[in-house]
């Protein structure tokens, strides 16, 4: 028979208690109560006024005839830090020593002031590796002691202290497996985002903003909506049907100014801040885990009860959104009317009994060590021995992994050994090719263009033009040409400038003369330079003479 306990969640606004089975896969809920937490009793998880809280808690327990003294607490506090880490696969009893050995690397704080615990998120077992994915949590020792001292006042025996993020995850992962689920848990002081694939937690983020500010806005404007409101359980009435439709249709920023619910702009601003943070987490997930597409988005928690909340989130984030307000893997006794209670408000107290983190005060650890007859020296020695064994085990596992990797690489090298001869042949042929290419480049000359240029000259020279001399060198050639007029000389000069293969065409001198028969002759010297790639031909005239 499963042991029954009181599972307690002391929130800033409401305190919730369940009488429930502890450590059972499908626990039974026998009784549950919820009442307003006295003002200024809770501050970021710490119980500041234990006597006031003890008085009202005892009264409420007596009224509900809840007489058990074995308890499980779940805490919501920004002082609790969390990290996801992966360690080699070790036996469960060796996990905590491994964590303790590397705690300073995981959390850059004074570890002596914190209690480190863990939850197993996933066991990664493949042919290549065996690892554990853990969620580590570091809680201030004085926070945990705070609950132990409160338990002494109440004459409670603490079985476990859990963190609200783990409590909610333990319950949510047991819901229907629908692929990757993005779950928005709207609480009083904060909002938790859980991304769960089957039962594995892929991502968990805390947004330091819950439904309390929205409640305060609604409370300040209460005369506009209604004249009477009970407690937070009636919060959903703040979102009347017409107001919810107006809020969603106006997309938060463009609310109709003349609607009878004038405070909705303030509510919308509060929700807009929350939604923007949810969208940031959603964008971060989609960029980091692109291969794991989200199959469904849910809204749950006490803040998800408001009318229009689901539609508003659906409008803003662009995904289909469903409300998660009933939980499987938990059985409420028949005399509990599930239609009259908000199951989502009891998420953390139900989840806390499934697989709690189990924070233990260091004072309790020391007391238990003394009761078992161990001295501080023996405890230190035992811990050192365990850590040494763990470190050796980790080293052996790492060595075995390295040897397996080496064997794998050697097999790949053997399979690819035939490539070496191909590679050597390639290098040999490449060397021959480079030698031939260099030999060819050393034997080439610009004068290889000469024959082509002469053909071009023959096509362009007028019939009256005569080449009397042609001198060739490595960079070009020069010609002495005689024609019957300066116009013919000018045309020839322009045509030479357009001749492919030449870059510079210059006329060094022009002389005009007449023979004894009165026939005019124009003689000029042309200097042509071979063209380099990309260079355009230039033409110049340096000197002209007239002679008779």
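The values are calculated or read from the model by the stated rules, or taken from the named source; none is laboratory data. Keep in mind that this is a model prediction, so the values were computed, not measured. Glycine also receives a Cβ, built like all others from the backbone with ideal geometry; neighbour counts cover every protein chain displayed.
Yes/no matrix, rows are residues, columns are (1) touching a residue at least 12 places away in the same chain (Cβ under 8 Å); (2) part of a strand (DSSP E or B); (3) in contact with a helix residue (DSSP H, G or I) (Cβ under 7 Å, 6 or more places away or on another chain); (4) exposed (fewer than 15 other Cβ atoms within 10 Å of the Cβ):
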position: 93; (1), (2), (3), (4): no, no, no, yes
position: 105; (1), (2), (3), (4): no, no, no, yes
position: 115; (1), (2), (3), (4): yes, yes, yes, no
position: 119; (1), (2), (3), (4): yes, yes, yes, no
position: 138; (1), (2), (3), (4): yes, yes, no, no
position: 150; (1), (2), (3), (4): yes, no, yes, no
position: 153; (1), (2), (3), (4): yes, no, yes, no
position: 159; (1), (2), (3), (4): yes, yes, no, no
* To do: Working only within the range 409-452, note down all residues that are within 30 Å of residue 470 (Cβ to Cβ) and outside any helix (DSSP H, G or I).
  => 444, 445
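To keep it simple, each residue is scored yes or no on (1) at pLDDT below 90; (2) buried (at least 18 other Cβ atoms within 10 Å of the Cβ); (3) under 30 Å from residue 4 (Cα atoms); (4) in the same structural domain as residue 135 (by the TED database).
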position: 31; (1), (2), (3), (4): no, yes, yes, yes
position: 57; (1), (2), (3), (4): no, yes, yes, yes
position: 64; (1), (2), (3), (4): no, no, yes, yes
position: 67; (1), (2), (3), (4): no, no, yes, yes
position: 83; (1), (2), (3), (4): yes, no, no, yes
position: 109; (1), (2), (3), (4): yes, no, no, yes
position: 112; (1), (2), (3), (4): yes, no, no, yes
* Asked: Restricting attention to the range 171-185, does a residue exist that is part of a helix (DSSP H, G or I) and either at negative phi or assigned by the TED database to the domain that holds residue 77 (or both)?
  -> yes
* To do: Please work out if residue 42 is touching a residue at least 60 places away in the same chain (Cβ under 8 Å) and under 30 Å from residue 99 (Cβ atoms).
  => no
* Structure fact -> Flagged in the range 311-352 as in a helix (DSSP H, G or I), under 33 Å from the mean Cα position of the chain (by Cα) and not assigned by the TED database to the domain that holds residue 185, in numbering order, are 343, 344, 345, 346, 347, 348, 349, 350, 351
* Report yes if residue 402 is at pLDDT 80 or above, within 29 Å of residue 130 (Cβ to Cβ) and assigned to a helix (DSSP H, G or I), otherwise no. => yes
* Residues of the range 311-334 satisfying the condition of being in contact (Cβ under 8 Å) with a residue 40 or more places away in the chain and more than 18 Å from residue 282 (Cα to Cα) -> 324, 327, 328, 329, 330, 331, 332, 333
* Just to be sure, is residue 167 assigned by the TED database to the domain that holds residue 348, surrounded by 21 or more Cβ atoms within 10 Å (Cβ to Cβ) and within 23 Å of residue 15 (Cα to Cα)? -> yes
* What number of residues in the range 37-62 are in contact with a strand residue (DSSP E or B) (Cβ under 8 Å, 6 or more places away or on another chain) and under 21 Å from residue 208 (Cα atoms)? -> 6
